[in-house]
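Following: one structure in structure tokens, then a few remarks.
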Amino acid sequence: MKPETYYFVARPLPYEPDALVPVLDEKTLYFHHDKHYQTYVNNLNNALADYPELHNCTLRELLIDSGRLPAAARKSIVNNGGGVYNHELYFDSMQTPMGQCPEGSLKDSIDRDFGSYKEWRDELKSLAASVFGSGWVHLITDKYGKLDMCITRNQDVPNLKEWTPILNLDLWEHAYYLQYQNRRLDYVEGFIRLINWRKALRRYEDAFGK
Ligand code: MN3
């Protein structure tokens with residue numbers, strides 16, 4: 001996909017709005033994608049409007065070295081740009097639940113770095129339960145293919161200089177509250193059934209040699 005720059009446009013969902021039922025219903029996905037994500041895109045464009053020197057930067061370039069952003073716009077670009085980056089990966093991390101599991105070299109690396117797919121799932125659930133307030137859990141790789149997991153708060157992204165996110169899990173209440181209310185762990189267990197491991201494998205392999 002061609003790297004996008006200002007003026008950013010929201011990406012459509014890569015599946016039908018009912019594709020994630022019963023884990024995520026249409027209403028939950030609609031508000032999340034068409035309202036919350038769209039708002040981050042709009043606010044990012046607003047934050048960049050007065051800075052033509054940033055209009056050729058990709059989202060990754062804006063976020064990888066945020067200390068170089070103009071001070072007056074930094075907070076808004078980091079919060080909203082992070083919101084766009086995280087949500088685009090999140091929606092692309094999921095597909096219709098069909099009993100999918102890790103594949104190929106990503107499966108091998110999960111076994112090597114976490115012990116097994118089951119141990120990885122337990123780690124994801126444990127990290128998700130430990131997030132207080134709004135945040136994310138990310139599966140990340142370094143440029144040598146070493147996997148790790150990390151939590152970020154609010155709309156922060158992982159350290160993109162060191163790591164490439166492979167998939168992520170949105171733990172803001174807006175991601176699940178309409179359907180699950182306070183049952184965050186049920187949402188997390190459902191999310192695991194939705195992971196698009198084929199796309200995760202592609203991102204993992206593309207991350208090498210960057
Ligand atoms: Mn969200």
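Side notes on the structure shown:
- For the stretch 113-210, the list of chymotrypsin sites (Phe, Trp or Tyr not before Pro) that fall in a loop by DSSP and count at most 10 other C-beta atoms within 10 angstrom reads Phe132, Tyr144.
- Rel. contact order, % - alpha carbon contacts under 8 angstrom, at least six apart, the chain: 25 percent
- Count, lysine Cα pairs under 15 Å in the stretch 73-210, 8 or more residues apart or across chains: 8
- Accessible surface of the stretch 92-210, 1.4 Å probe, proportion on carbon and sulfur as whole %: 49 percent
- Alpha-carbon centroids, the stretch 134-210 and the stretch 1-48: separation in whole Å: 16 Å
- Long-range tail of P(r) for the chain (Cα pairs > 22 Å, %): 49 percent
- Here is the list for the stretch 102-210: GluC sites (Glu not before Pro) lying in DSSP coil, each with at most 16 other C-beta atoms within 10 angstrom of its C-beta, are Glu103, Glu162.
- Pairwise Cα inverse-distance average, inverted: Kirkwood Rh of the stretch 5-90 (Å): 13.6 Å
- In the context of the full set of protein chains, the chain has a per residue accessible area of 50 Å² (1.4 Å probe).
- Taking a Cβ cut-off of under 10 Å around Ser93, the surrounding Lys, Arg, Asp and Glu residues balance to a net charge of -1, with basic ones at +1 and acidic ones at -1.
- Loop-resident sites, the stretch 1-79, for chymotrypsin sites (Phe, Trp or Tyr not before Pro), counting at most 12 other Cβ within 10 Å (DSSP): Tyr7
The values are calculated or read from the model by the stated rules, or taken from the named source; none is laboratory data. The structure presented is a predicted model; accordingly, all values stated were derived computationally and were not measured. A quick note on method: Cβ atoms are made from the backbone with ideal geometry, for glycine too, and the neighbour counts reach across all protein chains shown. Note: accessible area is taken over every heavy atom of the protein model, side chains too, but ligands, DNA and RNA are not part of it. Shrake-Rupley method; radii C 1.70, N 1.55, O 1.52, S 1.80 Å.
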